[in-house]
Amino acid sequence: MGDPAGTHRILFVAFSDVPEDVADPLVEFTAQGLGNRPARYLWRNLVAVDLSFYKSYISEEIRDEGRVQGRAEDVLLVLEQRGLDVSDDVRGRVTGCDDPEVLRHWLARAVTVLKAEEIFEEE
């Protein structure tokens, strides 16, 4: 069956010396062409890590997803380190949020609330 990651790495190497205005649509078309196949996720990870210098829609989207996930983990970590009980509902709402500004607000609140659920309340 071969090494799908190796195949994607070959494609990445081919794009690494191509001018950005040419590589950008090729990176995007490759991602779209892979559809929902497992290879798409390998490609997205490769673009996010190995092409970190490269600014394309897909690479920025992947990095944004990582930042949001990291901020959600930070909210939960603060609550847990403070010894607060983090219910499945709180955990699900935090990890399900994809708005970095909302997560930033919840992180700030996580430092002072008395119960984990209070991060969602308005001041």
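The values are calculated or read from the model by the stated rules, or taken from the named source; none is laboratory data. Quick caveat: nothing in here was measured; it's all calculated off a predicted structure. We place every Cβ from the backbone using ideal geometry, glycine too, and count neighbours over all the protein chains shown.
Entry remark, the stretch 34-79: residues being of a type outside the set (Lys, Arg), crowded, with 16+ Cβ neighbours inside 10 Å and modelled with pLDDT of 75 or more number 8 in total.
State yes or no: is THR30 modelled with pLDDT of 75 or more and of a type in the set (Val, Ile, Thr)? Reasoning before the result, please.
Details: modelled with pLDDT of 75 or more: yes; of a type in the set (Val, Ile, Thr): yes.
Considered against the rule, which asks whether it is modelled with pLDDT of 75 or more and of a type in the set (Val, Ile, Thr), THR30 comes out as yes.
Listed here are the residues, each with its yes/no results for (1) free of Cβ contacts under 8 Å to residues at least 12 places away in the same chain; (2) assigned to a helix (DSSP H, G or I); (3) more than 25 Å from ALA31 (Cβ to Cβ).
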{"site": "ARG71", "(1), (2), (3)": "no, yes, no"}
{"site": "LEU77", "(1), (2), (3)": "yes, yes, yes"}
{"site": "GLY83", "(1), (2), (3)": "yes, no, yes"}
{"site": "VAL86", "(1), (2), (3)": "no, no, yes"}
{"site": "ASP98", "(1), (2), (3)": "no, no, no"}
{"site": "GLU101", "(1), (2), (3)": "yes, yes, yes"}
{"site": "ILE119", "(1), (2), (3)": "no, yes, yes"}
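Could you tell me how many of the residues in the stretch 80-96 are modelled with pLDDT of 95 or more, under 10 Å from ALA116 (Cα atoms) and surrounded by 14 or more Cβ atoms within 10 Å (Cβ to Cβ)? The qualifying residues number 4.
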